[in-house]
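Asker: Following this message is one structure expressed as structure tokens.
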Amino acid sequence: MLCWIPCFFLGFLFWGSAHGVPQTNARPDVTDQELFWGSDQYDFAIVLPAAGLECFWHFAHRGERFYLNFMVQWVMGVGHDRHLSVTVNTPSDLLLSTVDDAKGQINFEAAESGFYQMCFSNFHNRFGSMQVSLSFGVYYDTYQDPSKSEEEEKKKEEISKELNNTLSVIETTTHKVETYVFHMFRHYGFSRMRKSVDYFLLQSNSKYITWWSMALSLLIVTSGYLQLLFLKSLFVNNTGTEGEKPRC
């Protein structure tokens, strides 16, 4: 009987280690392709099916600026409603912002660290799909290195005073230029979205005009042929004598 106690104790330890491992993945039900990390800019397009819903998660630290730009490029199917429902939720599953339009921009400062959820719903089109261009990411308004402590900052200030603040001025100016370049590319991406929307609109109008022109041409030819048959049926051909002419 006593020999079963160590075995039972070891089995209990193995069971606890298998079921008591701390969870390192923030979203275990989400694949790695749907999670985005880092302070980078993401720019791509997705296709939403009829009444479809697509969600993405992006990690942001507290104090960072989170931005999201979206624009509907084309709509196919029945209805052709270009409205897109967009919602952004905080890591604590609270609704932070919502937009219901064909294009929009969302920009806010992250109040807490964690994964922010972005959902795009095409419930306006029950029988049509749409392509949406997305651009989102995080950035800092002012440069701040989170890896440096306050003591290092004080030492840096003392050293910079001795060096006439030359290095500090160069570093601050460099990061300001990087921030301005980042915003320039961000606005350039949004203007590129508009250009792609105009291109798809022109292509759609060209196809629309081409098909309607072909349909009207076919209608004109068909109506002319039917009129010719109708006029021909008004004349009676008498083949009895050669001297008689066709009469109406």
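Asker: Mind counting the residues in the stretch 83-122 that are part of a strand (DSSP E or B), over 11 Å from the mean Cα position of the chain (by Cα) and of a type in the set (A, V, I, L, M, F, W, C)?
Answerer: The number of residues fulfilling the criteria is 7.
Asker: So, one more: Among the residues of the stretch 71-119 satisfying the criterion of being more than 14 Å from ALA60 (Cβ to Cβ) and among the β-branched types (Val, Ile, Thr), which is surrounded by the fewest Cβ atoms within 10 Å (Cβ to Cβ)? Spell out the reasoning first.
Answerer: Narrowing the stretch 71-119 to residues more than 14 Å from ALA60 (Cβ to Cβ): 71-87, 93-95, 98-105, 119.
Restricting the remaining residues to those that are among the β-branched types (Val, Ile, Thr) gives 72, 75, 78, 86-87, 98-99.
Values: VAL72: 23, VAL75: 23, VAL78: 10, VAL86: 19, THR87: 17, THR98: 13, VAL99: 17.
Looking at residues that are more than 14 Å from ALA60 (Cβ to Cβ) and among the β-branched types (Val, Ile, Thr), I get VAL78.
For (1) closer than 20 Å to GLY137 by Cβ; (2) acidic (Asp, Glu); (3) in contact with a strand residue (DSSP E or B) (Cβ under 6 Å, 6 or more places away or on another chain); (4) at pLDDT 70 or above, each residue gets a yes or a no:
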{"site": "GLU157", "(1), (2), (3), (4)": "no, yes, no, no"}
{"site": "LEU163", "(1), (2), (3), (4)": "no, no, no, no"}
{"site": "PHE185", "(1), (2), (3), (4)": "yes, no, no, yes"}
{"site": "ARG192", "(1), (2), (3), (4)": "yes, no, no, yes"}
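Asker: Take the stretch 36-76 and flag every residue that is assigned to a strand (DSSP E or B), closer than 18 Å to GLU109 by Cβ and not aliphatic (A, V, I, L, M).
Answerer: Let us first name the residues in the stretch 36-76 that are assigned to a strand (DSSP E or B), namely 36, 41-48, 53-60, 65-76.
Now restrict to residues that are closer than 18 Å to GLU109 by Cβ: 41, 58-60, 65-69.
Correct list: GLN41, HIS58, PHE59, ARG65, PHE66, TYR67, ASN69.
Asker: Now for a different question. Taking the condition of being assigned to a helix (DSSP H, G or I) and either closer than 25 Å to ARG82 by Cβ or among the aromatic types (Phe, Trp, Tyr) (or both), how many residues in the stretch 216-237 meet it?
Answerer: Filtering the stretch 216-237 down to residues assigned to a helix (DSSP H, G or I) leaves 216-234.
Checking which are either closer than 25 Å to ARG82 by Cβ or among the aromatic types (Phe, Trp, Tyr) (or both) leaves us with 225, 230.
Final tally of qualifying residues: 2.
Asker: Another question about this same structure. Restricting the search to the stretch 50-62, which residues are loosely packed, with under 15 Cβ neighbours inside 10 Å and small (Gly, Ala, Ser)? Spell out how you get there, then give the answer.
Answerer: First, pick out the residues of the stretch 50-62 that are loosely packed, with under 15 Cβ neighbours inside 10 Å: 51, 53, 55, 61-62.
Result: ALA51, single match.
Results for (1) modelled with pLDDT under 55; (2) of a type outside the set (Phe, Trp, Tyr); (3) under 17 Å from the mean Cα position of the chain (by Cα), shown as yes or no for each residue.
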residue	(1), (2), (3)
PRO6	yes, yes, no
PHE12	yes, no, no
VAL21	yes, yes, no
ASP32	yes, yes, no
ASP43	no, yes, yes
PHE56	no, no, yes
ARG65	no, yes, no
GLY77	no, yes, no
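Asker: Can I ask one more? Against the conditions (1) at pLDDT 90 or above; (2) within 22 Å of TYR42 (Cβ to Cβ); (3) more than 20 Å from the chain's Cα centre (by Cα), where does VAL181 fall short? Just the number, please.
Answerer: So VAL181 meets the others, but not (1).
The values are calculated or read from the model by the stated rules, or taken from the named source; none is laboratory data. Owing to the predicted nature of the structure, the values given are computational and were not obtained by experimental measurement. Quick reminder, even Gly has a Cβ in these numbers, built from the backbone with ideal geometry, and neighbours come from all protein chains shown.
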